[in-house]
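J.: Please find one structure pasted underneath; my questions will follow.
The values are calculated or read from the model by the stated rules, or taken from the named source; none is laboratory data. Predicted model only: the values in this text are computed from it and were never measured. With ideal geometry, Cβ positions are generated from the backbone for all residues, glycine too; neighbour counts draw on all protein chains shown.
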Amino acid sequence: MATQAKKVSMNFSTMSQVDVPQGRNGKHKDIVTKILSDLDQLQKGIALKIPLAELADGKENVRSALNRATRKSGRRVATATDATFLYVWNEG
């Protein structure tokens, strides 16, 4: 006599694989997109001055996200901060 295996209930819900969203839109996408758009319009020798108060997730995380985005696109930008602002400019 064969023993029937007990069916274990699932821990998570399921969905069709074709409905799974592709690509990654991180939480910094909006601010990084805005910064890159503004950098495209900057003249040489000009820096963006972004209030730290507008960076909900902190300057370190935004700088990291910006760094990832610029490396991926082959851009060279520099950043600096003081107590109030994040400064971003095109290098080279």
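J.: What single numbered condition from (1) at positive phi; (2) small (G, A, S); (3) within 18 Å of the chain's Cα centre (by Cα) fails to hold for G45?
T.: (3)
J.: Something else now. Do any residues in region 72-92 that are closer than 14 Å to A47 by Cα have Cβ atoms under 6 Å from those of residues that are surrounded by 10 or more Cβ atoms within 10 Å (Cβ to Cβ) and aromatic (F, W, Y), where the two are at least six apart or on different chains, and which pairs are they?
T.: Pairs that qualify, where the first residue is closer than 14 Å to A47 by Cα and the partner is surrounded by 10 or more Cβ atoms within 10 Å (Cβ to Cβ) and aromatic (F, W, Y), are A78/W89; A80/Y87.
J.: Within region 9-31, does at least one residue satisfy the condition of being under 17 Å from the mean Cα position of the chain (by Cα), basic (K, R) and modelled with pLDDT of 90 or more?
T.: no
J.: Pairs needed: first member in region 33-53, free of Cβ contacts under 8 Å to residues at least 12 places away in the same chain; second member anywhere, of a type in the set (S, T, Y) and in a helix (DSSP H, G or I); C-beta distance under 9 Å; at least 6 residues apart or different chains.
T.: none
J.: I would also like to ask the following. Find the strands (runs of 3 or more DSSP E) located wholly in the chain whose residues include 1 or more that are exposed (fewer than 12 other Cβ atoms within 10 Å of the Cβ) and either acidic (D, E) or touching a strand residue (DSSP E or B) at 6+ places or on another chain (Cβ under 9 Å) (or both), and list them.
T.: Per the criteria, 48-51, 77-81.
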